[in-house]
Structures are given as C-alpha cells and as structure tokens.
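Have a look at the structure below before the remarks.
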Amino acid sequence: MLRLALVLLLLLLNVSCGGGSARAPVSPLSPQAALGARIFEDRTLSGSGRMSCATCHDPAFSHGPPNAQPVQVGGAFEQLFGLRAAPSIRYLERQPPFDAVRLRGGLMLDGRADTLAAQALLPLFGARELDAGDAETVARKVHQGVYASEFKAVYGESDAATTVQQIAEALQAFQLEDPRFHPYDSKYDAVLAGHERLSAAEARGLQAFEDPKRGNCASCHTSRPGADGKPPLFTDFGYAAVGVARNAAIPANANPQSFDLGLCQRPELAARTELCGLFRTPSLRNIARRPVYFHNGKMTSLAQVLDFYASRDSESARWYPAEKFDDLPAAYRSNVIPLAPGLSAQDLHDVACFLATLNDGYARGRPPVEACR
Ligand code: HEC
Ligand code: HEC
C-alpha cells in the first residue's frame, strides 16, 4: 500500500514539474562554444547520418536520454546497443580529473576521460555511438558542411587530426559555457540562497537523506555547499559498488559470462580487483525526471530506486531472482557497500519530495504538490 502511494506520488511530481529547463543562454556564447552547439546537434557527422550527441543527451530531458530504454542504440547501421545507460550530462563543469589514489573524479561512469574534450572523442568514434568513421571523414564533413564558414572563422584550415581535436574543444566549450548545462535554478538552490523555504515534507526528506542512521545518502551524494561555497552537486565524485541486479534487457547480458565491472574494467586498473563493480556516484540533480536509473538502466522509476536502497539488504529476495549481487562475478561481490537500513515508509515519501526540489527550472513561489506540503 505504502509502496503504491510512493509510486503515485512520484508520478505526480514528475507530471507537475515536467519539461526541461530550456531557457535561452544569458550571455552570448563564444564563437568556439557556438560552434560546439552546432556540432552537438549535427547528425551528418554520425556514420548513420541519423544521430547526434543530442539524440542520447536530449536538452529537453535534462541532457539525458529521452526514453526509458536501459541502453540506447547507435552505430553506423543503428544496430548496436550500448553497454551502459546514457547519463544526464548536466553539472559536469566542476568535475575534477580522475585521481587513482583518492579514487575520485573523471568523466564516464568509470572516470576514463579527464576532460570534456577528451570525453567527446569517445562517442564521436565509438562503434556503439556516433561511429563517425575516421578523422579524414569527420574533417571533410565539417569543412564542407553547413557551418563550414563558422568553423573556418574560428579555427582556420588544418589537417584532419587537428580538426578532430578542434571539434572536441568546441564541444567542451559549449558544455562549459552554455548555462543550460548548469543552471543552478532548482528550488533547493533558491533555498540555499535564502530566497525560498522547503515545505515540511521536503525538509523532513532532506533530514532523512542526510541522517547517517537513515538514508545516509549525503555521505556520497553531497547535499551542502563545500568549502568553496558553491552549490552542492549531490556527488562527492567518488566511486562505490551499489550492487544493482543484473539487467536481462541489455543485449550484451545474453552472454552469462559478460559483466560490466566498472572501474576495474579499465585496462590500467585491471589488477585492482577491489575496484570491480564500482561506478562513479552520479549527481542527483534532475533525478526525478530521469526515465532510467543506474549504470545498467535496471530501474525505471525513482520509487523503485528508493525502495531498493531501503530494502536491498533486509528483503534481498525481492531484488535478486537467485543470487544476491548477481550482476557481479561471485569473487567481487564483497566489494558492494552495506546500506544504512533505517528508512521508514514515511522517510521514503519525504525523500522523494526532497529530491523533486533538485529539478532545474523552478518558478519561485510555486507550491509543491499536495502530498509534499
Ligand atoms: C548512443 C547514445 C550516445 C550518444 C550518441 C552520445 N552519448 Fe554521451 N554517453 C552515452 C553513454 C552510454 C555514456 C556513459 C558511458 C560510460 O560511462 O561508459 C555517455 C557519457 C557521456 C559523458 C560523460 C557523463 C559523465 O557523467 O561522466 C559526456 C560528457 C557525454 N556522454 C557527451 C557526449 C557528447 C559530446 C556526444 C556527441 C559527440 C555524445 N555524448 C554522444 C551515450 C551517448
Ligand atoms: C556509498 C555511496 C552511496 C550512498 C551512501 C548512496 N548512493 Fe546513490 N549512488 C551511488 C553510486 C555509486 C551510484 C551509481 C551506481 C550504479 O550505477 O551502479 C548511485 C546511484 C543512485 C541513483 C541513480 C542515479 C542515476 O543517475 O541513475 C539514485 C537515485 C541514488 N543513487 C539515490 C541515493 C539515495 C536516495 C541514497 C540514500 C538512501 C543513496 N543514493 C545513497 C553511491 C551512493
């Protein structure tokens, strides 16, 4: 009954706060970033001619996937399924580079790219993403395409390898400069700035989220401004194994020997088996709007995710058909972190109310849905 109520509440939150924040940029973009905006949406660069960065990172869906498929399909023939759920790519402008000692930072769910420019080359040439072909093909398209003159004005003429680097730089500049990638205009941001107050339910939710004996969520999903005074990103940039169940809907998982090992799948970290199963802690901004959750897209509602956090250990049979932590080889299952067991049904309801305050594009003074007042 309570579970049903939580599902209904989350549906309500989603509908009432729906839509993306697609406000116009406040200051004009630099020519380099404006070029990046064109490239971000340019389908002609893809091997199939039909997809762009925006296909999987749709601005109308918080720059995340526009559907609840666990993984998106890509490649030159649009036949290759991805291996991980497409993340929202908002709020990455403060991401530190990967630090193998402190185990934090980096882009991609295993931190394998240090900058947004380095990252951009991975999907551009990735066989399961844009699959753009070789550098010559990409450079020719850019130099002959609809924004060829803008490209020339910014970068002049150069060889194919340099052109590809410039594309990556332009994509990085776009993501760093365009405020739609990091608007910091959620209700919670207004609360931190002293312009707005949380409702009673939202405030209780924040308490449960932070309480080490209940959610303990904030120990990884940082909820307070840091020493630099900047608004929290709801991630400490760290890594953890949460032990989500295997997702049979991912085509690669048809092979029972195939596992996504996260951090230790990176060749240079392969010997560190204590890192197997660990993924980077994602930001929770806009989380109530995400159609699909966790690295393997196993869950499609926030209610399910909260239920999982509360009962993974106490009622594990509900989450795993046969063996607990079945998405990891048995040898690595001890890497999975224990979870704080203290969330009541009321807490789950309240945490859902709080998390909805992290949606971008909050209009000041707007009352929360009835159940969250
Ligand atoms: C077919 C879907 C797809 C396309 C097209 C795509 N991406 Fe992604 N993107 C993903 C997936 C899946 C991941 C996570 C991959 C991983 O962790 O291994 C990701 C990760 C990212 C990240 C890192 C997010 C983080 O939290 O660290 C950035 C930034 C990004 N993509 C930008 C881009 C850009 C720029 C383009 C166009 C050049 C692009 N993507 C095209 C699916 C896609
Ligand atoms: C030990 C660190 C840690 C704690 C504590 C923690 N999380 Fe997470 N959280 C993670 C990591 C790591 C992931 C990504 C796991 C994966 O994809 O396999 C994640 C994923 C999530 C996601 C899915 C995000 C997405 O984009 O798909 C949500 C929602 C979430 N956590 C909410 C919470 C809540 C609510 C709590 C408290 C009840 C909590 N987390 C406690 C580390 C943590």
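The values are calculated or read from the model by the stated rules, or taken from the named source; none is laboratory data. Model, not experiment: these values are computed from the prediction. Neighbour counts run over all protein chains shown; Cβ positions are idealised from the backbone, glycine included. What goes into the accessible areas is simple: the full protein's heavy atoms, side chains included, and nothing from ligands, DNA or RNA. Shrake-Rupley method; radii C 1.70, N 1.55, O 1.52, S 1.80 Å.
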- Task: Round to the nearest 10 and give me the degree value, 0 to 90, for the angle of helix 345-355's Cα axis relative to the longest principal axis of the chain.
- Result: 30
- Item | Selection of trypsin sites (Lys or Arg not before Pro), the range 25-77, meeting DSSP coil and at most 14 other Cβ within 10 Å | 50
- For the range 18-140, rounded, prolate or oblate, judged on the Cα gyration tensor with a ≥ b ≥ c (square roots of eigenvalues), a/c < 1.5 rounded, else prolate if a/b > b/c? rounded
- Probe 1.4 Å, heavy atoms of protein chains only: per residue, the accessible area of the chain in Å² is 46
- How much of residue 273 can a 1.4 Å solvent probe reach, expressed as accessible area in Å² and rounded to 10? 70
- Would you mind computing, in nm to one decimal, how far apart the modelled labels at residue 149 and residue 77 are, each placed 7 Å from Cα along Cα→Cβ? 4.0
- Using alpha carbon centers only, the range 75-91 is separated from the range 148-210 by a whole-angstrom value of 20
- Carbon and sulfur: what percent of the range 60-198's accessible surface (1.4 Å probe)? 55
- Neighbour-limited loop hits for trypsin sites (Lys or Arg not before Pro), the range 145-200 (at most 15 other Cβ within 10 Å; DSSP other than H, G, I, E, B): 197
- Message: Can you return the lysines within cross-link range of residue 324? Criterion is Cα-Cα under 21 Å, with same-chain partners fewer than 8 residues away left out.
- Response: 298
- Could you work out the local net charge near residue 33, counting Lys and Arg as +1, Asp and Glu as -1, over the other residues with Cβ closer than 13 Å to its Cβ? -3
